[in-house]
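Shown next, in structure tokens, is the structure this report addresses.
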Amino acid sequence: MSGTEGESASLSPAASLSGWLAHLESLHPRGQGGIELGLERVLRVKDELRQHPECPVITVGGTNGKGSTCAYLEAIYSLAGFRVGCYTSPHLLDYNERVRIDRRPISDDALCEAFGKVEAARQAAGQVPLTYFEFGTLAAMEAFRSQALEVLILEVGLGGRLDAVNAYASDCAVVTGIALDHTDWLGATRMSIGFEKAGIFRAGKPAVCADPDPPQSLLAQAAAIGADLHLLGRDFGYFGDRLQWTFWGRAGLRRGGLANPGLRGACQLRNAAAALAVIDVLRQRLPVSMQATRLGLIDPHLPGRFQVLPGQPAIVLDVAHNPQAVTGLAENLADMGFFARTIAVVGMLADKDIAGSLAPLAGKVALWLLADLDVPRGASSSLLAAAIKAADLGGEVECLASPVRAFERSAELAGENDRIVVFGSFYTVAAVMRSMQSGR
């Protein structure tokens, strides 16, 4: 990639990473939570920067499973010896987590330099009003350009067709699955959401779909543009048991004797299979050994996805925040064995399907510790409590002022044979993780 010359981060409105992030938030009335779908703004600044990736680009979209699939791909390609750039969102603890080079978060200095270049281009293009996510996406690509990377993995933020990540043409696009989420932006049916997700497909390029029952809208869009569609169950798939599994692909491909994925949960075989389907379709440009494949599947780095912490009581951290994800969480909890009680620490965003997301845990939670979420779009604990009562989900309910206070309350009440489950939002899990790290 090549970019605007002669501009310096020293001319920027911020000199530190915290200052830059504050600047990004100031560009939209709703700050970090600001959403403005559409590619016109990001394309104007992208053109000003003259960003043109010179290595293969893999774009990963889907309602759930995006982060896991990216983590498998990142690990496998890195262990195969390729220099890998990976862009994901949101972050849990530090913004730098979003931009990784060779599996390591980018440094503050490199990120600030990239922000400075994007700001200069934004002003040169006519003070383009970028959102927080758009600005961050452009900065990630700017940071990648100087690193001589050999593959880029980009996670879609919201939807696909109009997401900032879609400004970059992919060599392979993945849709992990389609379920109801962000319905205010993507539509209220799987048909409408499937169309938006399929917007990341490209003509003549491989497109991987790991949804076992994709809506017709996705199939129709792939056919209309002439994408090389690889469907779970038709073109690739998996089978196995608790000890090992086998991936299969087109033309009789078999990769057997694989250890179960390093990320926990029943859904992870599907996410891992999606990653291996990508490895398969790009094998001519990015050859990967079986050794790298085996090691990469068991060595992904992804905190907060059914993360079980050692000790008693058991603590489970999971960013599940929609009905499909919480259904998976409930299934994973059922596979953990016996616990005297399950105590749920929950904080959610108000624009999520709260009732639908909590329903999979009906009758399975002894005590709900509900937290006010003091962030843009955050739901009150009383709103969560009303949803639990209306749906008769069972269990006692307490409302608390924050996820940290709710988690502290869980620690006060839990016995050594109990289980504490923290879920509902990235914000909720992040707040609890920070409190644990600080020793509170």
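Brief remarks on what is shown
- Count of residues meeting criterion [in a loop (DSSP other than H, G, I, E, B) and open to solvent by 10 Å² or more (accessible area, probe 1.4 Å)] in the stretch 132-162: 10
- From Val365, Val345, Val326, residue being out of contact with any helix residue (DSSP H, G or I) (no Cβ under 8 Å at 6 or more places or on another chain), over 18 Å from Tyr72 (Cβ atoms) and hydrophobic (A, V, I, L, M, F, W, C): Val365
- Residues of the stretch 164-196 classified as basic (Lys, Arg) and crowded, with 24+ Cβ neighbours inside 10 Å, total: 0
- Boolean, Arg103 is closer than 16 Å to His91 by Cβ, charged (D, E, K, R) and out of contact with any Phe, Trp or Tyr (no Cβ under 7 Å at 6 or more places or on another chain): yes
- Scope the stretch 207-222; condition touching a Leu at 6+ places or on another chain (Cβ under 9 Å) and open to solvent by 20 Å² or more (accessible area, probe 1.4 Å); matching residues: Pro212, Pro214, Leu219
- Search result, residues across the stretch 61-82 that are farther than 18 Å from Ala320 by Cβ, of a type outside the set (Gly, Ala, Ser) and buried (at least 21 other Cβ atoms within 10 Å of the Cβ): Tyr72, Leu73, Glu74, Ile76, Tyr77
- Scanning the stretch 382-404 for residues that are touching a residue at least 24 places away in the same chain (Cβ under 8 Å) and either part of a helix (DSSP H, G or I) or on the phi > 0 side of the Ramachandran plot (or both) yields Leu383, Leu384, Ala387, Ile388, Ala390, Ala391, Asp392, Gly394, Gly395, Pro403, Val404.
- Yes/no for Arg264 being open to solvent by 60 Å² or more (accessible area, probe 1.4 Å) and modelled with pLDDT of 95 or more: no
- Scanning the stretch 292-318 for residues that are aliphatic (A, V, I, L, M) and touching a Pro at 6+ places or on another chain (Cβ under 9 Å) returns Leu297, Ile298, Leu317.
- Scanning the stretch 66-124 for residues that are at pLDDT 95 or above, of a type in the set (D, E, K, R), assigned to a helix (DSSP H, G or I) and in contact with a strand residue (DSSP E or B) (Cβ under 6 Å, 6 or more places away or on another chain) returns Glu74, Glu97.
- Selected residue (only one of Glu97, Glu155, Glu142 is under 21 Å from Ala275 (Cα atoms) and in contact (Cβ under 8 Å) with a residue 12 or more places away in the chain): Glu155
- Among the residues of the stretch 228-256, those that are open to solvent by 20 Å² or more (accessible area, probe 1.4 Å), touching a Phe, Trp or Tyr at 6+ places or on another chain (Cβ under 7 Å) and not basic (Lys, Arg) comprise Tyr238, Phe239, Thr246, Trp248.
- Note on the stretch 114-131: among residues that are free of Cβ contacts under 8 Å to residues at least 40 places away in the same chain and open to solvent by 10 Å² or more (accessible area, probe 1.4 Å), the one that is farthest from Leu49 (Cα to Cα) is Gln127.
- Residue that is nearest to Gly116 (Cα to Cα) [pool: residues in the stretch 14-36 that are part of a loop (DSSP other than H, G, I, E, B) and modelled with pLDDT of 80 or more]: Ser16
The values are calculated or read from the model by the stated rules, or taken from the named source; none is laboratory data. These numbers were taken from a predicted model, which means no experiment stands behind them. Cβ atoms come from the backbone with ideal geometry, glycine included; neighbour counts cover every protein chain shown. Accessible surface areas use protein heavy atoms only, side chains included; no ligands, DNA or RNA. Shrake-Rupley method; radii C 1.70, N 1.55, O 1.52, S 1.80 Å.
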